[in-house]
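Working notes, structure below.
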Amino acid sequence: MKPTKKKYAIAIASIAAALVLSGCSGAATSDGQAAGGESGGAEGNDAVAAAQARVAEFTAEQPPIEIAPLPGEVEAGLTYGFITCPLPVCRTLTDASVEAAEAIGWETRQVETQMTPEDYVASWDQLLQDPPDVIAYIPFAPDSLIETQLIKASELGIPVVSIAPAGDRPDKEGPVFASYNGYPEFFQSASLMADLIVADGGTGADTVFVWDPALAAIWQPIKDGFDEHIQAAGPAAKVLEVSSQGIGTAVPGQIVSYLQANPDVKYVALALADLSIGVPEALQQAGLLDNVKITSRAPQAGNLANVQAGLEWTTVGEEMGSNGWRVIDGLARLTLGETPNDEWFEPAGWAQIFTKDNVTQTNEPPSTPGSPEAFLAAWGVE
């Protein structure tokens, strides 16, 4: 027999609080704006100095994350249902959430969307045919497309959180109560890509930003963070629009062609590290690899290996797998009626700039220091 969800609905109905994200020099605020005037709007030398300070801060080894203890004992045997996508970055997040769910004593049910509007809606309908007790989802489109499904989940009293939200930020009153790998985190990692370029003496004039405009609903905070910090020191970057469907196939050739037509470009900034698949090899074959510096965010193991080998310049790590654990932590807190706070409602989380000098492992995506040990300790799981 499934555990009742009425208590979750009562607890969730009482959740309301204002979101306040604090930060230090140049850190992202809740609105994605840079805190501290220097890196957000200073010109010339001040912007370069601010970028250099941020690069130094995030290139250094970052401290382990800390997770507050749960307010009570989580009910075992609940069903965690989630919607994922075929991209490696999606699997890194949701595979980790499965591991976390199993650690806390929950069962899991997966539905994978093929990233079309029709299939995305169908994936939600499939998940809700036999409603799980808690839900997380990676959106392919804005929440307006699944309004009916979110209303149904709310009526059933199901706690729902999102992963990499598609333009929609969470609301502490629901129906989506928290988000992970969201706006603050995207903004932070993308702004660090821009800081790397500015600190290295580059500007938007000799930089191309590569992204998929079809995913603007999801990727807009990435572009916002990059644009704000690159323009702090000069003009906007050039933009190369590609399709994520061409990762590893069409994208490498598109980047080569763009660089051949624009020999003034010295920096290639990738909105998602997955876009780099096949790019160093294509650049090397075209004799362009030594002419440009590639930077990215949300790296996979291959990106770390390329950075260590000098095939990619830098990459900015985020809480990828650790965000999967944050998903289960947030859902567990919602089932216990905890009021969302800044630590788990919409965290910017851990970030680390990786260079050739500080990459220590290349067999898996970068791991967040303190994870999963901090979660297990907070949950009282040995």
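The values are calculated or read from the model by the stated rules, or taken from the named source; none is laboratory data. Bear in mind the structure is a predicted one, so any value in this text is a computation, not a measurement. Here the Cβ positions follow ideal geometry from the backbone for every residue, glycine too, while neighbour counts run over all protein chains shown.
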Inset, instruction - Sort through THR339, THR368, THR355, THR360 and tell me the only one that's without any contact (Cβ under 8 Å) to a residue 12 or more places away in the chain and of a type in the set (Val, Ile, Thr). - result: THR360
Inset, instruction - Mind listing just one residue for me: the one in the stretch 333-372 that is among the acidic types (Asp, Glu) and under 27 Å from ALA56 (Cβ atoms) and, of those, modelled with the lowest pLDDT? - result: ASP342
Inset, instruction - Find all pairs meeting these conditions: Cβ atoms under 6 angstrom apart; at least six residues apart or on different chains; first residue within the stretch 106-131 and outside the structural domain of TRP325 (by TED's automatic domain parsing) and surrounded by 16 or more Cβ atoms within 10 Å (Cβ to Cβ); second residue at pLDDT 95 or above and of a type in the set (Gly, Ala, Ser). - result: none
Legend entry - Qualifying residue in the stretch 218-226 (condition: in contact (Cβ under 8 Å) with a residue 12 or more places away in the chain and over 29 Å from ASP329 (Cα atoms)): yes
Inset, instruction - Take the stretch 34-61 and flag every residue that is at pLDDT below 95 and in a loop (DSSP other than H, G, I, E, B). - result: ALA35, GLY36, ALA42, GLU43, GLU61
Inset, instruction - Check ASP171 against each of (1) at pLDDT below 95; (2) among the acidic types (Asp, Glu); (3) surrounded by 19 or more Cβ atoms within 10 Å (Cβ to Cβ); (4) over 14 Å from the mean Cα position of the chain (by Cα) and name the one condition it does not meet. - result: (3)
Inset, instruction - Would you check which residues across the stretch 271-291 are outside any helix (DSSP H, G or I) and in contact with a helix residue (DSSP H, G or I) (Cβ under 6 Å, 6 or more places away or on another chain) and list them? - result: ALA271, GLY278, ALA286, LEU288
Inset, instruction - Check the stretch 234-243 and report whether any residue there is closer than 20 Å to ASP46 by Cα and of a type outside the set (A, V, I, L, M, F, W, C). - result: yes
Inset, instruction - Answer yes if at least one residue in the stretch 191-213 is crowded, with 24+ Cβ neighbours inside 10 Å, under 30 Å from ARG109 (Cβ atoms) and small (Gly, Ala, Ser), and no otherwise. - result: no
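This table checks each residue for (1) closer than 29 Å to ILE197 by Cα; (2) surrounded by 16 or more Cβ atoms within 10 Å (Cβ to Cβ); (3) outside the structural domain of ARG169 (by TED's automatic domain parsing).
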| residue | (1), (2), (3) |
| --- | --- |
| LEU334 | no, yes, no |
| GLY337 | no, yes, no |
| ASN341 | no, no, no |
| TRP344 | no, yes, no |
| LYS356 | yes, no, yes |
| GLN361 | yes, no, yes |
| GLU364 | yes, no, yes |
| ALA374 | no, yes, no |
Legend entry - Number of positions in the stretch 112-159 that are in contact with a strand residue (DSSP E or B) (Cβ under 7 Å, 6 or more places away or on another chain), acidic (Asp, Glu) and assigned to a loop (DSSP other than H, G, I, E, B): 1
Inset, instruction - Can you work out which of the residues in the stretch 115-149 that are touching a Cys at 6+ places or on another chain (Cβ under 8 Å) and not aromatic (Phe, Trp, Tyr) is modelled with the lowest pLDDT? - result: MET115
Legend entry - Residues within the stretch 247-270 that are aliphatic (A, V, I, L, M), surrounded by 13 or more Cβ atoms within 10 Å (Cβ to Cβ) and assigned to a helix (DSSP H, G or I), tallied: 5
Inset, instruction - Please find, among ILE294, ILE230, the residue that is without any contact (Cβ under 8 Å) to a residue 40 or more places away in the chain and part of a strand (DSSP E or B). - result: ILE294
Inset, instruction - Would you check if there is a residue in the stretch 329-341 being closer than 23 Å to ALA190 by Cα and out of contact with any His (no Cβ under 7 Å at 6 or more places or on another chain)? - result: no
Legend entry - Check on PHE187, of a type in the set (Phe, Trp, Tyr), assigned to a helix (DSSP H, G or I) and under 21 Å from the mean Cα position of the chain (by Cα): yes
Legend entry - Options GLY330, GLY321: the member that is closer than 22 Å to PHE58 by Cα, in contact (Cβ under 8 Å) with a residue 12 or more places away in the chain and in a helix (DSSP H, G or I): GLY321
